[in-house]
Amino acid sequence: MNRLRKSERGAALLTVMMIVAAMSVAALAVTQAVTQSTVRSRSLDAQAQLAFYAASAEEVAKARLTEVLSPLENKLVLGMPGLDETQLIPIDDGALSVTVRDTTNCFNVNSLTKVGERGTLVADADQQETYQLLLTSLIEEAYNSDVVALVASLIDWMDENSVPGNGGAEDAYYLSEVPSYRTSGQKLSSLDELRSIRGYTTDIFARVRPVMCALPADSQPRPLNINTLEIHHAPLLQQVFANALSIDDARDLIASRPATGWASVEDLTGDPLVQNIDPNLVKADRLGLVTSLVEVSTNVSYRGSDMTMRFLFEAQAGRPIRTLRRERIG
């Protein structure tokens, strides 16, 4: 009898221990679930707050640009305080960094195609020639043989036909890639899209990016702001003079600009380096003193999370600042 009771007590103790063990496992699972849920909630909250700060940054940037540009009539000069300088703005549990760049001085790669008679995108011959000359100036002689192919590949990417240009590439080429993809058949939504196009290697992209842009389809040609030109913009200035100005002279001309900028376009065209160039070769309408495009990059850090946004603004004197593009980077 005693042995039976001892056996029962042993069985009961074992049962209790198993129940306790099961409850411990269940409690651990619940604790982990609650912890994970809390972490997810905090992460979602951080992401929502980041999105809020990013949206706020766009509106703040518009207001600030209006305050700065209006009194100056959009006449920015390289080296002005706040231009190309990262500004740090503290926020609760984080920080917001903002960098403002004048992006007026660029060649719009989307100008390489235009709407044809049938309503489809076709190559613009004049812009095609201009782009080819620009690439020749930007890329070392070792790459000169690839310039024609680079022009053709970019046009093939945008136009709506399936016939590749000289050295270009259409769907048949990209479908053989791994992973495979197709041409877009439309203008570039971002300059980074060049990376997907045949011939635009990392090296080539790095060489052309500083003087290129991909503007929305409704964008009109914009004069260069001669007072925010930098040395690497020399090929753009060279084209204004139909390449009658050497690349070295174009660099010297930019380097010799007065610290306060040229007071007029005539001050530039009257410089000894260019005054003997045939006036018929000078595309004076491509030169100006105002900034029409501004890029603002913002990085928001909040509770260990980050979000980087890039905004492209159109700035026209007497008109509200307009957002042309907003991109999330990374």
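The values are calculated or read from the model by the stated rules, or taken from the named source; none is laboratory data. In this text the structure is predicted, and so the values were computed from the model without any measurement. We place every Cβ from the backbone using ideal geometry, glycine too, and count neighbours over all the protein chains shown.
The table that follows gives values for the structure above.
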{"item": "Candidates Gly261, Gly288, Gly270 - the one that is out of contact with any Pro (no Cβ under 9 Å at 6 or more places or on another chain), of a type in the set (Gly, Ala, Ser) and crowded, with 18+ Cβ neighbours inside 10 Å", "result": "Gly261"}
{"item": "Odd one out for Gln316, checked against (1) within 18 Å of the chain's Cα centre (by Cα); (2) surrounded by fewer than 17 Cβ atoms within 10 Å (Cβ to Cβ); (3) under 24 Å from Leu229 (Cα atoms)", "result": "(1)"}
{"item": "Qualifying residue in segment 64-81 (condition: under 20 Å from Thr291 (Cα atoms) and touching a helix residue (DSSP H, G or I) at 6+ places or on another chain (Cβ under 7 Å))", "result": "no"}
{"item": "Ser196 being farther than 17 Å from Leu215 by Cα and of a type in the set (Ser, Thr, Tyr)", "result": "yes"}
{"item": "Breaking point among (1) aliphatic (A, V, I, L, M); (2) in the same structural domain as Gly199 (by TED's automatic domain parsing); (3) more than 24 Å from Phe241 (Cα to Cα), for Leu72", "result": "(2)"}
{"item": "Selection from segment 78-135 of residues that are under 18 Å from Ser219 (Cβ atoms), assigned to a loop (DSSP other than H, G, I, E, B) and of a type in the set (Asp, Glu)", "result": "Asp124"}
{"item": "Complete set of residues in segment 151-168 that are surrounded by 21 or more Cβ atoms within 10 Å (Cβ to Cβ) and in contact (Cβ under 8 Å) with a residue 24 or more places away in the chain", "result": "Val151, Ser153, Leu154, Ile155, Asp156, Trp157, Met158, Asp159, Gly168"}
{"item": "Filtered residue count, segment 284-314, keeping only those that are of a type in the set (A, V, I, L, M) and farther than 30 Å from Asn243 by Cβ", "result": "4"}
{"item": "Segment 212-232 residues that are under 18 Å from Val109 (Cα atoms), paired with ones that are part of a loop (DSSP other than H, G, I, E, B) and charged (D, E, K, R) (beta carbon under 6 Å, 6 or more apart)", "result": "Ala217/Lys187"}
{"item": "Condition check for Asp306: modelled with pLDDT of 90 or more and not polar (S, T, N, Q)", "result": "no"}
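Quick grid of which residues meet (1) surrounded by 10 or more Cβ atoms within 10 Å (Cβ to Cβ); (2) at pLDDT 75 or above; (3) under 24 Å from Pro320 (Cα atoms):
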| site | (1), (2), (3) |
| --- | --- |
| Leu13 | yes, no, no |
| Val34 | yes, no, no |
| Asp45 | yes, no, no |
| Tyr53 | yes, yes, yes |
| Gly79 | yes, yes, no |
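For (1) crowded, with 20+ Cβ neighbours inside 10 Å; (2) modelled with pLDDT under 95, each residue gets a yes or a no:
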position: Asp192; (1), (2): no, yes
position: Arg207; (1), (2): no, yes
position: Pro210; (1), (2): no, yes
position: Leu215; (1), (2): yes, yes
position: Pro221; (1), (2): no, yes
position: Asn227; (1), (2): yes, no
